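Below is one structure, written out as structure tokens; the observations come after it.
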Amino acid sequence: MQTISISASERAPEVEFNFAEGVLKLKGESYPEDVASFYGPLLTALDKWLSGLEAEASVRLDIELVYFNSSSAKALMNLLLMLEKAGGAGKKVEVNWYFNSDDDTMQEFGEDFSEDLEHVQFNLCAVEGA
Amino acid sequence: MGRMLLKDGGRYMGKLAEDYLSFKKVLEQKGIIFSFSGYVSEGILFALGDALKQKMALEDTDMNTTRKVFSVFVEQVQNIIRYSAERVTGDIGKPVELSSGMIAVGQEAGKFFVVCANIVKLADMERLKERLDHIKSLDKEGIKAFYKEKLREDPEVESKGASIGLIEIARRASDPIDFDFMSVSDSTAFFCLKAFI
């Protein structure tokens, strides 16, 4: 599948879904005007790609968000649950959750999102002063 | 204009400045540093939010506090946009939907606060009140657990995600949220929500 590449806008994150490499990235701030129209196509593409993936494949998601609103949080959770399902089906799934080391909120969110994910290697990655 | 101004020791005695100065003073007495009243759009949300972040950065506000105030601000304004019962819709070459409400950010006793207010239908008031009473009854850990539960809930069950936005506000707040309703007609009430950060 072709790479999905979207530049960051004022309210939506940079997206780089490199399906050929199995590396997905979300970076920046996320409070788009219309969460469904922003994340809907991404989730659809991801679901389609995951369902056609060979059993032993590896997937890595790098989340480098500095802020997201509650509607984006739901979309992120749906994305993680898709990866959890893929992990349950035998894929090797890794999620790197990057946050600024002095940002309590994003650290806590990382902890929230990682709980209950059993088939995903979830790494909380503190980044020193950005 | 249309009214003669009397000059008294260099001071114009018009009513216009007096009216708006007293309005400004009422806001200042409440500690409000920033306010908006009227029709809100996502564009206004972005512009006000940006100014808010810049203002807090200029004052060297702690980054964690700035992030929390911003987060509460966004959720509060999006609640107005989605749920205010006072709204106009139309087509001006593109579909437009504007919702009316009030937004204020201020400082009181060393803490920031965000207040939002809008008209709600009486029919929706009970459900909103129940949700807020429930959130208010929870401690920090309870709020966190409730947030996680809502995060995993099927989106079909929820109406445009109201609850999770309210929980997010309570989660970022340093004190329990404060809210109030006042009946303004047979079918509507004025709803007010204040969160300290």
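The values are calculated or read from the model by the stated rules, or taken from the named source; none is laboratory data. Model, not experiment: these values are computed from the prediction. Using ideal geometry, Cβ is built from the backbone for each residue, glycine included, and neighbour counts are taken over all protein chains shown. Just the protein is used for accessible areas: all its heavy atoms, side chains included, with ligands, DNA and RNA removed. Shrake-Rupley method; radii C 1.70, N 1.55, O 1.52, S 1.80 Å.
Going through (1) within 12 Å of the chain's Cα centre (by Cα); (2) over 20 Å from A:Asn123 (Cβ atoms); (3) open to solvent by 50 Å² or more (accessible area, probe 1.4 Å) one by one, A:Leu81 falls short only on (2). Among the residues of the range A:80-130, the one identified as away from chain B (no Cβ under 14 Å), in contact with a helix residue (DSSP H, G or I) (Cβ under 6 Å, 6 or more places away or on another chain), over 21 Å from A:Tyr39 (Cβ atoms) and outside any strand (DSSP E or B) is A:His119. Could you list all residues from the range B:70-116 that are open to solvent by 40 Å² or more (accessible area, probe 1.4 Å), free of Cβ contacts under 8 Å to residues at least 40 places away in the same chain and under 18 Å from B:Ser174 (Cβ atoms)? Once the filter is applied, which keeps residues that are open to solvent by 40 Å² or more (accessible area, probe 1.4 Å), free of Cβ contacts under 8 Å to residues at least 40 places away in the same chain and under 18 Å from B:Ser174 (Cβ atoms), the range B:70-116 yields B:Ala109, B:Gly110. If we scan the range A:49-57, do we find a residue that is away from chain B (no Cβ under 14 Å) and in contact with a helix residue (DSSP H, G or I) (Cβ under 6 Å, 6 or more places away or on another chain)? Among the residues of the range A:49-57, at least one is away from chain B (no Cβ under 14 Å) and in contact with a helix residue (DSSP H, G or I) (Cβ under 6 Å, 6 or more places away or on another chain), which makes the answer yes. Taking the condition touching a residue at least 60 places away in the same chain (Cβ under 8 Å), over 30 Å from B:Lys55 (Cα atoms), open to solvent by 70 Å² or more (accessible area, probe 1.4 Å) and out of contact with any Cys (no Cβ under 8 Å at 6 or more places or on another chain), does B:Lys121 pass? When the stated conditions are applied, B:Lys121 passes them.
The condition (being over 10 Å from the mean Cα position of the chain (by Cα), at pLDDT 95 or above and part of a loop (DSSP other than H, G, I, E, B)) is satisfied by just one residue among A:Ala45, A:Ala8, A:Ala55: A:Ala8. Scanning the range A:22-36 for residues that are at pLDDT below 95 and open to solvent by 70 Å² or more (accessible area, probe 1.4 Å) gives A:Glu33, A:Asp34, A:Ala36. Can you pull out the residues in the range B:179-197 that are open to solvent by 80 Å² or more (accessible area, probe 1.4 Å) and touching a strand residue (DSSP E or B) at 6+ places or on another chain (Cβ under 9 Å)? Residues satisfying the conditions are B:Asp180, B:Met182, B:Ser183, B:Val184.
Of all the strands (runs of 3 or more DSSP E) wholly in the range B:53-167, which have at least 1 residues that are within 21 Å of A:Leu65 (Cβ to Cβ) and at pLDDT 95 or above? So the answer is none; nothing clears 1. Taking first residues from the range B:133-153 that are closer than 21 Å to B:Asp178 by Cβ and facing chain A (nearest Cβ under 8 Å) and partners that are surrounded by 16 or more Cβ atoms within 10 Å (Cβ to Cβ) and small (Gly, Ala, Ser), the Cβ contacts under 9 Å between residues at least 6 apart in sequence or on separate chains come to B:Tyr147/A:Ser70; B:Tyr147/A:Ala73; B:Tyr147/B:Ala170.
Checked against (1) basic (Lys, Arg); (2) in contact with a Leu (Cβ under 8 Å, 6 or more places away or on another chain); (3) farther than 18 Å from B:Ile80 by Cβ, B:Lys136 passes all but a single condition, namely (2). The residue that is nearest to the chain's Cα centre (by Cα), counting only those in the range B:49-85 that are within 13 Å of another protein chain (Cβ to nearest Cβ) and farther than 18 Å from B:Glu168 by Cβ, is B:Asp50. The conditions of being under 22 Å from the mean Cα position of the chain (by Cα), open to solvent by less than 70 Å² (accessible area, probe 1.4 Å), among the aromatic types (Phe, Trp, Tyr) and at pLDDT 95 or above are not met by B:Phe34. Residues that are within 14 Å of chain A (Cβ to nearest Cβ), polar (S, T, N, Q) and out of contact with any Gly (no Cβ under 6 Å at 6 or more places or on another chain) do occur in the range B:86-108, at least one of them.
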